[in-house]
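One structure below.
The values are calculated or read from the model by the stated rules, or taken from the named source; none is laboratory data. Note that the structure is a prediction, hence the values are computed from the model and not measured. Ideal geometry is used to build each Cβ from the backbone, glycine not excepted, and the neighbour counts take in all protein chains shown. When the accessible area is computed, the model is the full protein with side chains, heavy atoms only, and any ligands, DNA or RNA have been set aside. Shrake-Rupley method; radii C 1.70, N 1.55, O 1.52, S 1.80 Å.
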Amino acid sequence: MTEHSPALDNLLTESRTFPPGEEFAARANASAEWYVEAEADREAFWA
């Protein structure tokens with residue numbers, strides 16, 4: 001049996017976000033429509 005360590009549990013929690021830079025976002029291939037399509041039918045989208 002493994003012991004539960006609060007220090008290790010803390011490492012498993014990540015809530016920071018790292019938004020892309022403006023230049024990177026301007027060259028992105030995905031559009032807002034992709035998100036709508038993926039949400040509507042996730043399996044078909046990735047097939």
Problem - Tabulated pairs, the range 1-19, first assigned to a helix (DSSP H, G or I), second at pLDDT below 75, C-beta under 9 angstrom, 6+ apart or interchain - result: none
Exercise for the section: Just give me the residues in the range 1-34 being among the hydrophobic types (A, V, I, L, M, F, W, C) and open to solvent by less than 100 Å² (accessible area, probe 1.4 Å), in sequence order. Expected result: A7, A25, A26, A28, A30, A32
Completion exercise
Selection from the range 20-47 of residues in a helix (DSSP H, G or I) and in contact with a Pro (Cβ under 9 Å, 6 or more places away or on another chain) yields A25
